[in-house]
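Please treat every number below as a calculation from the coordinates, not as lab data. Owing to the predicted nature of the structure, the values given are computational and were not obtained by experimental measurement. Note: ideal-geometry Cβ built from the backbone for every residue, glycine included; neighbour counts use all protein chains shown.
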Amino acid sequence: MQEMKQEINAVIINNKDDVATVTKDLKKGEKARYLTDENDINEIILVNDIPFGHKFAVRNIVKNQEVLKYGESIGKATKNISKGEHVHIQNVESNRGRGDRK
C-alpha cells in the first residue's frame, strides 16, 4: 500500500458508491480524502461543510437517480447533487421511509 502523506478523513465502502462518509468535521473548500478499493487516494474539494458521520457526493448525481452506499441504494436524489456536496435529507429521500408520507 502506498505511503499516506495526506490524512484520510473519509471512507467509501464500494467503488460503486456515490457517497463517502467523513470521519471528522470538514469545512467547505477542504479536501476530503478516501481510499478506493485499489488503495488509491481520491481527493475531492467539498462544496459544503460536512459534519462528522455525514456523507458527500463523490460524483455528480442527477435528480431521481438512486444514491448508492455500501454498493446498495439508500434512497433517491430529490435534486441534482454536485460532486463534493453534502448528501443528506435536503437532497435525498431515504428508502427506509420518512414517516410523514403514506
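Some points to look at:
- Using C-alpha pairs under 8 Å with a sequence gap of at least 6, the mean separation divided by the residue count of the chain gives a relative contact order of 25 percent.
- Annotation: aspartates and glutamates with alpha-carbon distance below 13 angstrom to Lys69 (same-chain offsets under eight excluded): Asp17, Asp18.
- Within region 1-96, the trypsin sites (Lys or Arg not before Pro) that combine a DSSP coil assignment with at most 16 other C-beta atoms in a 10 angstrom radius are Lys5, Lys16, Lys24, Lys27, Lys28, Arg59, Lys63, Lys79, Lys83, Arg96.
- Annotation: amide H of Ile50 within the under-5 Å range of Leu26, Lys27, Lys28, sequence separation 5 or more or interchain, hydrogens built in the peptide plane.
- Cα shape, region 7-102, gyration tensor, a/c 1.5 rule: prolate
- Among the GluC sites (Glu not before Pro) within region 43-94, not one is in coil by DSSP while having at most 10 neighbouring Cβ atoms inside 10 Å.
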